[in-house]
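Peer 1: Dropping a structure here in C-alpha cells format, bear with me for questions.
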Amino acid sequence: MRLWPRTMAGQLIGLLLLGLVAAHAIGLSVVLTNGETIHSISRDQMVEHAAVAWRLGSLPEAQARRALEAARDGNAAYALGPGAEITEGSEQGYDQDAISAKLQKLLALPPDAIRISLLRHDARNADLRIALRTPAGLWINTLQQPVMSQAWMRPLRFSVPVSTLPVLVIVFLFVRRILRPIKALAHAAERVSRGEQVEPLPVTGPAEAREVTTAFNLMQERLRRFVEDRTRMLGAISHDLRTPITSLRLRAELVDDPRLKAAMIRTLEEMRVMVEETLRFARDDARSEDTREIDLRALLREVVEEQLAQGRDVQLRSDAAGALPYRCRPVNLKRALSNLVDNAVRYGQRARLALSTGAGGALQILVDDDGPGIAADKLQEVFKPFVRLDPSRSRSRSRGQDQGNGNVGLGLAIARSCVEAHGGRLALENRDGQERPAGLRAVICLPA
C-alpha cells in the first residue's frame, strides 16, 4: 500500500502538513516539558497582589490588619499571623519556583521568608497560597485563585484547524497554478510522442517551468525542421534518380540479346521500386495526417475485408463487440496493419488478427500466420530497411503478386515506424504451436 502521494501537488501539500504537525509537536513538547500550570499573566498578577499585601503587612500591626481586611475580595484573602499557614514539605514546581524568584527580586526577601503551595482542584480551579515574613517577624498569608493554563488538547483543537485549513487552501490554489505549465508540458509531450504536431506552448509559471517549456518548444521546432529537411533531401534524390533510371530503361530496349535485355529491364524495375518506396518511407505519413477519433474495431474489419476481396485467407477475432473509440491517424495505422497482414499472407499462407484491451485501457493487436517463423536472433534484424532474410523470398517471386514495399524489405520497417509514431510498440515472436501450427506473431501494443 503506497501512502506517499505520487503527484507533485500531493507531495508538496503532504510536506506542508508534516511541517505544521512538527511545529505543533515541538510547541507542545516545550509546554509539557516546562511544567507550567498557571497562566503567565495570572502568575504575574498573583505576585503583584502578594507584594502589595506584604507592604501592607509591614505597617504597624493594627493598621496592617485593617488594611489587609479591606483588601479582601471574593477571589483573594489576606491575613496577618504569627506563622506561615503552609507546611515545610509543600510540593514545589515550575510555578512555585517562578513566583518565589519574582518575589525575592521584587521584595529583596531571603528564600526562607517565602512559602508557596499550589493545590489544584480540577483543570481550571486551584488554590495558590503564598506566605511572606514581614520585617517584624509576622507572616502575611494570602489565598488566591489563579487562572490556570488550559490542558494541551484544548488549545490544539483551536490552533490546528485555524493554522492548517487556511494555509492548505492557499497552498492548494497556488500549487495548481504553479503545476499547470508542467501538466500542459506533459500533455504536449504525450501528443508529440504519438507523432502529432502541437502549437508552441506558452512560456508561463516559475522560472524552472519556463526554462523547461522553452526547451521543449525548441526541441519540437528542431525535430520538425529535421524531418522536413530529410524528406526534401530524399525527395530530391529520388527525383534525380528517376531520370537516369528512365534513360537506362530506354537504352536497355535497344539491346539485341533477349536474355540480357530482360535481365537489365528487371534490374532497372527493381531500382525504380526501391527509389519509390524509399521516398514513401521517408515522407513518414504520421507527420502529415491529422489525428482523429475512430472505431478501431471497424478499422480492423476494413483491413480484413480488403484482404478477403483479394482472395486471401484473413480472419479477425475480438475480445468484445461494439465500437472501440481510439484517437489515432487512421491511414497511417491502417498502413502498418496492411503491411503486417501482407507479410503474414505472403510468407505464412494466412493471417489471423486479434484485438484485446489490457490494464489501463492499453490495446493489443496480434497478427498470426502459419509460416516457418524467424530465427530468434533475427527477430530484430528484420525491422531494418531492405533486410530480407530468406533468399527464396526474392523480388522476382513477388513481382507478379505485389509491387509494394514488401518486395524491397521495407514493409516491417514502415509498420514499426507507423506504430511507434502512435507511441506504441511493435515486436515479433515465434508461437509455440499449442493453439495451432507454429508460426510468426506480430504484437502491436498501443497506449490508451
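Peer 1: Against the definition (in contact (Cβ under 8 Å) with a residue 40 or more places away in the chain, among the charged types (D, E, K, R) and surrounded by 14 or more Cβ atoms within 10 Å (Cβ to Cβ)), how does Arg301 come out, yes or no? Outline the logic, then answer.
Peer 2: Details: in contact (Cβ under 8 Å) with a residue 40 or more places away in the chain: no; among the charged types (D, E, K, R): yes; surrounded by 14 or more Cβ atoms within 10 Å (Cβ to Cβ): yes.
Answer is no for this residue.
Peer 1: A further question on this structure: Specify the residue that is surrounded by the most Cβ atoms within 10 Å (Cβ to Cβ); the eligible residues are those in region 313-368 that are under 34 Å from the mean Cα position of the chain (by Cα) and basic (Lys, Arg).
Peer 2: Among those that are under 34 Å from the mean Cα position of the chain (by Cα) and basic (Lys, Arg), it is Arg329.
Peer 1: Another question about this same structure. Considering only strands (runs of 3 or more DSSP E) fully contained in region 35-137, which possess at least 1 residues that are exposed (fewer than 15 other Cβ atoms within 10 Å of the Cβ) and among the basic types (Lys, Arg)?
Peer 2: On the way: elements: 76-81, 114-120, 126-133.
Because the criterion is at least 1 residues that are exposed (fewer than 15 other Cβ atoms within 10 Å of the Cβ) and among the basic types (Lys, Arg), the strands (runs of 3 or more DSSP E) in region 35-137 that meet it are 114-120.
Peer 1: For region 246-254, does any single residue satisfy the condition of being surrounded by fewer than 15 Cβ atoms within 10 Å (Cβ to Cβ), closer than 30 Å to Leu17 by Cα and of a type in the set (Val, Ile, Thr)?
Peer 2: Within region 246-254 (the criterion being surrounded by fewer than 15 Cβ atoms within 10 Å (Cβ to Cβ), closer than 30 Å to Leu17 by Cα and of a type in the set (Val, Ile, Thr)), the answer is no, since none of the residues qualifies.
Peer 1: Filter region 205-227 down to residues that are without any contact (Cβ under 8 Å) to a residue 24 or more places away in the chain and either outside any helix (DSSP H, G or I) or polar (S, T, N, Q) (or both) and give me whichever is nearest to Pro181 (Cα to Cα).
Peer 2: Across region 205-227, the extreme among qualifying residues is Thr214.
Peer 1: Then there is this: Determine the pairs where a residue that is of a type outside the set (Phe, Trp, Tyr), located within region 419-433, has a partner that is modelled with pLDDT under 80 with Cβ atoms under 6 Å apart, the partner being 6 or more residues away or on another chain.
Peer 2: Here the result reads Ala421/Gly195; Ala421/Ala286; His422/Arg194; Gly423/Ser193; Gly423/Arg194; Arg431/Ala438, each pair linking region 419-433 to a residue that is modelled with pLDDT under 80.
The values are calculated or read from the model by the stated rules, or taken from the named source; none is laboratory data. These figures come from a predicted structure and were not determined experimentally. Here Cβ is always computed from backbone atoms with ideal geometry, including for glycine, and neighbour counts include all displayed protein chains.
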